[in-house]
Amino acid sequence: MFEQTFKNIDDVLWKEAGCTTELDYTEQTSWMLFLKYLDDLEQDKAMQAELQGKNYEFIIDAPHRWSSWAAPKDGKGNFDHNNALTGDDLIDYVNRDLFPYLQGFKQRASGPATIEYKIGEIFAEIKNRFTSGYSLRDALEYIDALRFRSQKEKHELSHIYEAKIKNMGNAGRNGGEYYTPRPLIRAMIQVVNPKIGERIYDGACGSAGFLCEAYDYLRYGGFEDVDGKGANLSTDQLNTLQTTTFYGKEKKSLAYVIAIMNMILHGIEAPNIIHTNTLAENISDIQEKDRFDVILANPPFGGKERKEVQQNFPIKTGETAFLFLQHFIKNLKAGGRAAVVIKNTFLSNSDNASKALRQELLENCNLHSILDCPGGTFLGAGVKTVVLFFEKGAPTRTIWYYHLDPGRSLGKTNPLNDNDLKEFVQLQKTFADSDESWSVSINDIDPASFDLSVKNPNKVEEDPLRDPEVIINEIETLDAESVEILEGIRGML
């Protein structure tokens with residue numbers, strides 16, 4: 001039922017001139033979903049308060065509640081078409097009244113950790129792209145049919161929403177910006193093995209995939225039983241998961257909005273996600289109380305940061321991913337654990353920043369495992385990646401490598417799956433050797449270059465035949481980069 005509803009909404013959005021991509025579809029669906037969710041949540045809380053003989057103070061005032069403007073009901077509980085705004089009246093109300101009212105919550109909220117602040121932040125960052133009030137009325141009626149009352153309903157909705165985020169990732173060359181393959185995330189979480197009571201952080205959270213999967217892992221006692229009742233957690237443990245476990249930061253407006261909605265659908269009522277440029281924070285200002293037990297991240301790579309941002313870091317570099325890696329190391333507690341995706345060229349780059357960062361990682365952290373991912377892991381990214389697994393507080397003695405070979409070419413029609421990573425997760429527990437895994441002593445690493453290149457001693461290196469889809473991905477990436485360069489040159493003329 002839910003899946004068909006989302007398809008119907010996409011059909012409505014397809015007719016809107018202001019909505020041209022999968023990103024627009026997800027953005028517009030998100031703000032309507034959020035307001036419907038918020039109304040259901042408030043109605044539930046009001047009902048619970050009434051049963052206890054208490055009054056519930058609504059966050060949204062009566063005229064601006066979903067049940068007042070989006071889906072008014074008659075005395076019999078049926079949709080009241082006579083009192084429902086539509087056409088130009090509906091567009092005018094949403095743009096001139098509703099959105100300004102919701103944006104004002106940011107100023108009225110008591111602090112950034114409140115749901116009020118999140119409401120203000122969300123509606124300050126997005127705009128209504130509907131131009132037809134009749135189309136908007138159709139979409140609102142579809143959204144109103146969705147229910148958020150049970151955990152099962154939320155779980156089903158979260159899966160469909162994840163599928164929309166995945167489609168966003170497939171829509172353009174910046175796929176990894178919004179979507180990290182969930183099988184890879186789940187493998188990273190299983191290796192890091194977070195516990196309830198630990199603080200988990202992603203400073204480049206995108207659509208919050210790492211935080212949502214980590215929530216499922218802790219809430220359901222692993223990834224085997226997320227459709228069942230899962231782990232038998234106490235009220236205190238559930239409250240800890242809700243309020244003091246998951247933290248994220250995100251720079252881009254659309255990703256921020258989607259992250260909030262994604263976490264809400266997974267069961268976090270007021271996500272601790274901040275809309276900010278993480279790298280604008282001077283890492284020398286980070287104190288012990290700010291640090292985290294677990295960091296899981298896929299920071300953006302290929303970006304270039306300005307000189308003033310680079311001044312926030314001891315190792316100066318314009319490469320965004322390298323700045324994020326410094327940020328993550330600094331934000332880990334002593335004994336803290338991290339799993340971070342990064343371009344595989346980081347392991348062997350000969351520039352001073354790369355060498356200094358590898359030295360920092362080896363001397364101040366135990367870089368115990370490196371997962372070498374095949375081309376095509378990230379659709380549309382056009383680069384190969386590795387995952388660094390490290391603990392802070394002790395130097396590296398031995399690095400265990402695993403070369404992931406799924407035995408097929410990865411692409412849109414043949415993506416990475418959980419089964420591909422089962423052997424990696426199993427062997428990593430004991431750092432076992434195999435045809436695809438081996439260990440390297442720190443004594444065998446060149447102290448001048450700190451080169452950490454993936455070189456499988458069990459196989460003779462040969463030039464592999466490259467898959468056509470991987471070549472096409474790289475061509476698309478280079479074409480897009482060429483367009484950006486030309487636009488930059490045109491802007492200087």
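The values are calculated or read from the model by the stated rules, or taken from the named source; none is laboratory data. A quick note: this is a predicted structure, and the numbers were derived from the prediction, not measured. Backbone-built Cβ (ideal geometry, glycine too); neighbour counts: all protein chains shown. Areas reflect the complete protein model, heavy atoms only, side chains present, ligands, DNA and RNA absent. Shrake-Rupley method; radii C 1.70, N 1.55, O 1.52, S 1.80 Å.
When the chain is fully extended, how far beyond the present Cα-Cα distance does I286 get from K412, taking 0.36 nm per residue of separation?
41.3 nm
If you filter region 411-463 for GluC sites (Glu not before Pro), then keep DSSP loop positions with at most 11 other Cβ within 10 Å, what is left?
Listed in order of number, the matching sites are E461, E462.
Under a crude label model (7 Å from the Cα following the beta-carbon direction), how far is A46 from T398 in nanometres?
Simple spin-label model gives 6.3 nm for this pair.
Which one is right for this structure if Cα extents along the principal axes in Å is calculated from it: (1) 78, 59, 44; (2) 107, 62, 39; (3) 90, 56, 47?
(1)
Need the full-extension length gain, W14 to A113, defined as separation in residues times 0.36 nm minus the C-alpha distance. One decimal, nm.
32.1 nm
Please determine, in degrees from 0 to 90 and to the nearest 10, the orientation of helix 253-266 with respect to the longest principal axis defined by the Cα atoms of the chain, where the helix direction is its Cα long axis.
Computed tilt is about 80 degrees.
Do the sum for the chain: with -39,500 (n - 2.57) for every DSSP H run of n ≥ 4, divided by all residues, what is the mean residue ellipticity at 222 nm, to the nearest 500 deg cm²/dmol?
Result for the chain, helices only: -13500 deg cm²/dmol.
Between helix 2-14 and the chain, what is the angle of the helix's C-alpha long axis to the longest principal axis, kept within 0 to 90° and rounded to the nearest 10?
The answer is roughly 80 degrees.
Specify which residue in the list S409, A259, F58 is farthest towards the positive end of the charge dipole of the chain, using unit charges on the beta carbon of Lys, Arg (+1) and Asp, Glu (-1), about the Cα centre.
Value: F58.
Could you check the spin-label model distance between S253 and H64? Points 7 Å from the Cα along Cα→Cβ, value in nm.
Spacing of the two 7 Å Cα→Cβ label points: 1.8 nm.
Report the convex hull volume per residue for region 318-424, counting only C-alpha atoms, in Å³.
With only Cα atoms used, region 318-424 gives 114 Å³ per residue.
Anything over 27 Å Cα to Cα? Flag those among K118/K412; K118/K316; K307/K355; K392/K412; K164/K252; K106/K195, in the order listed.
Table pairs above 27 Å Cα-Cα are K118/K412; K118/K316; K392/K412; K106/K195.
To the nearest 20 Debye, how big is the dipole of region 1-148 about its Cα centre, given +1 on the beta carbon of each Lys and Arg and -1 on that of each Asp and Glu?
300
At 1.4 Å probe radius, can you tell me the per residue accessible area of the chain in Å²?
Averaged over the residues of the chain, the accessible area is 47 Å².
Run the accessible area of the chain with a 1.4 Å probe and give the carbon-and-sulfur part as a rounded percent.
Carbon and sulfur together cover 48 percent of it.
Where does helix 22-51 land angle-wise versus the long Cα axis of the chain, in degrees 0 to 90, nearest 10?
Between the helix axis and the principal axis of the chain, the angle is about 60 degrees.
Starting from the Kirkwood Rh over alpha-carbon pairs, what translational D in µm² s⁻¹ does region 302-362 have by Stokes-Einstein at 4 °C and 1.567 mPa s?
Using the Kirkwood radius from Cα pairs, D works out to 107 µm²/s.
Can you report the principal axis dimensions of region 208-351 using only the alpha carbons, biggest first, rounded to whole angstrom?
Extents along the principal axes: 51, 30, 29 Å.
Once both labels are modelled 7 Å past Cα along the beta-carbon direction, what's the R306-I196 spacing in nm?
So the label points at R306 and I196 sit 4.5 nm apart.
List the chymotrypsin sites (Phe, Trp or Tyr not before Pro) in region 358-458 that DSSP assigns to loop (not H, G, I, E or B) and whose Cβ has at most 16 other Cβ atoms within 10 Å. Which are they?
Listed in order of number, the matching sites are F431.
Along the Cα-to-C-beta direction of S453, a point sits 7 Å from the Cα; which residues of region 348-364 have their amide N less than 19 Å from that point?
The answer is 348-359, whose backbone nitrogens lie closer than 19 Å to the label point.
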